[in-house]
């Protein structure tokens, strides 16, 4: 009977890399759901495909009417200070909870228009019939 002096670790490394890929893929979905925003439903919307030239800035307003910039809670003045620094072609996605005050939505849209940030996508849920 042949004696084994070494262990072949290549299959073990393959398994670890597959597990790492699975963890990294699911971790990105966990981050997206951390704000727990219930998007409004629409029937006539298109699928969102993020652009690849600049990283997308994510604005959000939750049910308690709190503002978030890339999931970091900020007040309106702080958001304005951050948005002033962005280039005019910056892509921005806006997620607004369906229970948010409409005035908060209008206020953030007015800010974006005032800063000439026109590359805006408002996220919604596609209504299934």
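Check residue 110 against each of (1) outside any loop (DSSP other than H, G, I, E, B); (2) under 17 Å from residue 71 (Cα atoms) and name the one condition it does not meet.
For residue 110, the failing item is (2).
Just to be sure I understand, how many residues within region 108-129 are under 23 Å from residue 55 (Cβ atoms), in contact (Cβ under 8 Å) with a residue 24 or more places away in the chain and touching a strand residue (DSSP E or B) at 6+ places or on another chain (Cβ under 9 Å)?
9
With the requirement that a residue be surrounded by 14 or more Cβ atoms within 10 Å (Cβ to Cβ) and under 17 Å from residue 113 (Cα atoms), what does region 70-86 give you?
79, 80, 82, 83, 86
In region 70-91, what residues are touching a helix residue (DSSP H, G or I) at 6+ places or on another chain (Cβ under 8 Å) and at pLDDT below 90? Lay out the reasoning, then the answer.
Of region 70-91, the ones touching a helix residue (DSSP H, G or I) at 6+ places or on another chain (Cβ under 8 Å) are 71, 74, 76, 79-80, 83.
The answer is 71, and nothing else.
Restricted to region 1-59, and to residues that are modelled with pLDDT of 80 or more and under 21 Å from residue 86 (Cβ atoms), which residue is surrounded by the most Cβ atoms within 10 Å (Cβ to Cβ)?
By that ranking, first place goes to 59.
Would you point out the residue of region 87-103, among those that are in contact (Cβ under 8 Å) with a residue 12 or more places away in the chain and surrounded by fewer than 17 Cβ atoms within 10 Å (Cβ to Cβ), that is nearest to residue 41 (Cα to Cα)?
Going through region 87-103, the residues in contact (Cβ under 8 Å) with a residue 12 or more places away in the chain turn out to be 87-101.
Those still in the list that are surrounded by fewer than 17 Cβ atoms within 10 Å (Cβ to Cβ) too: 87-89, 93, 98-99, 101.
Numbers: 87: 31, 88: 29, 89: 28, 93: 16, 98: 9, 99: 12, 101: 16 Å.
If we take residues in region 87-103 being in contact (Cβ under 8 Å) with a residue 12 or more places away in the chain and surrounded by fewer than 17 Cβ atoms within 10 Å (Cβ to Cβ), then 98 is nearest to residue 41 (Cα to Cα).
Mind listing just one residue for me: the one in region 92-107 that is touching a strand residue (DSSP E or B) at 6+ places or on another chain (Cβ under 7 Å) and part of a loop (DSSP other than H, G, I, E, B) and, of those, farthest from residue 124 (Cα to Cα)?
First, pick out the residues of region 92-107 that are touching a strand residue (DSSP E or B) at 6+ places or on another chain (Cβ under 7 Å): 92-97, 100, 104-105.
The next check asks that each one be part of a loop (DSSP other than H, G, I, E, B); those that pass are 97, 100.
Values: 97: 9, 100: 14 Å.
Applying the filter and picking the extreme gives 100.
Quick one: count up the residues across region 87-100 that are closer than 14 Å to residue 117 by Cα and within 17 Å of the chain's Cα centre (by Cα).
Final tally of qualifying residues: 5.
The values are calculated or read from the model by the stated rules, or taken from the named source; none is laboratory data. Note that the structure is predicted; figures quoted are calculated from it, not measured. Positions of Cβ are backbone-derived with ideal geometry, glycine not excepted, and every protein chain shown enters the neighbour counts.
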